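Report on the following structure.
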Amino acid sequence: MLDLDTLDLDDIATALSDQTDYEHRWLIDPRTGEIVFWTSDTGVDGQNPVDLDDLDHLLLIDPLPPSVWYGDMADFAEQVSDPAAHRRLGRALSGRGAFRRFKDELYGEYPELVSVWHVFRDARAQGRAVEWLLEQELISEAAAEGYAEAHPDPAVP
């Protein structure tokens, strides 16, 4: 088992949210917890191409579906106490392009909520990183439970 305190949850969260393409991937060394970035052109060392199949000692971190991250935006919008912001952020989430509309609405109309959103989003992402580590049996259930108790969702004004 890895020690949760030594792991870079931000990197794992980034890997879980990375929806860009499959020309690069994120991996973790289950022995050390080191996060490795692989590209099809430069491998893991930045210079020597290597097939993913040849990295059998590393565990692939597959990104979570966009619906997971959409849920964070919806939960955030639901918790905003300002009625106009609540309504407009909620409306931005309807239909195609919701991620862009939400961001445009938040940054353009409610800049005072941007830092609150970042804290909320990051806390959720780090919590998912811990859940992923537990699912992969890289950390203990006690460690995951302790993290969840110590890191509840931040309050949204």
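Values quoted throughout were computed directly from the atomic coordinates according to the rules given, and no laboratory measurement underlies them. It should be emphasised that the depicted structure is a prediction, and the values quoted were computed from it without experimental measurement. In this analysis, Cβ positions are derived from the backbone assuming ideal geometry, glycine residues included, and neighbour counts consider all displayed protein chains.
If each residue's Cβ is checked for other Cβ atoms within 10 Å, how do Val116, Val68 rank with the fewest at the top?
Val68, Val116
Multiplying the sequence separation of Thr39 and Asp53 by 0.36 nm and subtracting their Cα-Cα distance, what value in nm do you get?
Here the segment from Thr39 to Asp53 would lengthen by 3.7 nm.
Mean separation of Cα pairs under 8 Å and 6+ residues apart, divided by the residue count of the chain: what relative contact order is that in percent? List each step's numbers first, then the result.
Details: 173 pairs, mean separation 37.9, N = 157.
Relative contact order comes out at 24 percent.
Nearest 10 degrees is fine. How inclined is helix 83-92 to the longest principal axis of the chain, computing both from alpha carbons?
The answer is roughly 50 degrees.
When Thr6, Thr14 are ordered from fewest to most other Cβ atoms inside 10 Å of their Cβ, what list results? Working shown, then result.
Working: Thr6 9, Thr14 17.
Lowest count first: Thr6, Thr14.
Over the C-alpha atoms of the stretch 55-133, what are the Rg and the largest Cα-to-Cα span, Dmax, in Å?
In order Rg, Dmax, the Cα atoms of the stretch 55-133 give 14.8, 51 Å.
Going by alpha carbons, how many degrees (0 to 90, nearest 10) lie between the helix axis of 114-135 and the longest principal axis of the chain?
Relative to the chain, helix 114-135 is tipped by roughly 40 degrees.
Short version: what are the Cα gyration tensor semi-axes of the stretch 1-152, square root of 5 times each eigenvalue, largest first, in whole Å? Intermediate results must be reported in sequence, preceding the final value.
Values: eigenvalues 210, 82, 25 Å².
Equivalent ellipsoid semi-axes, largest first: 32, 20, 11 Å.
Rounded to the nearest 10 degrees, what's the angle between the helix 141-150 long axis and the longest principal axis of the chain, both from Cα atoms, 0 to 90?
30
Counting GluC sites (Glu not before Pro) as exposed when in a DSSP loop with at most 11 other beta carbons within 10 Å, what is the longest stretch of the chain free of them?
Details: sites that count: Glu23, Glu137.
So the longest stretch without any such site is 24-136.
Only counting other Cβ atoms within 10 Å, I'd like His118, His86 sorted with the fewest neighbours first.
His118, His86
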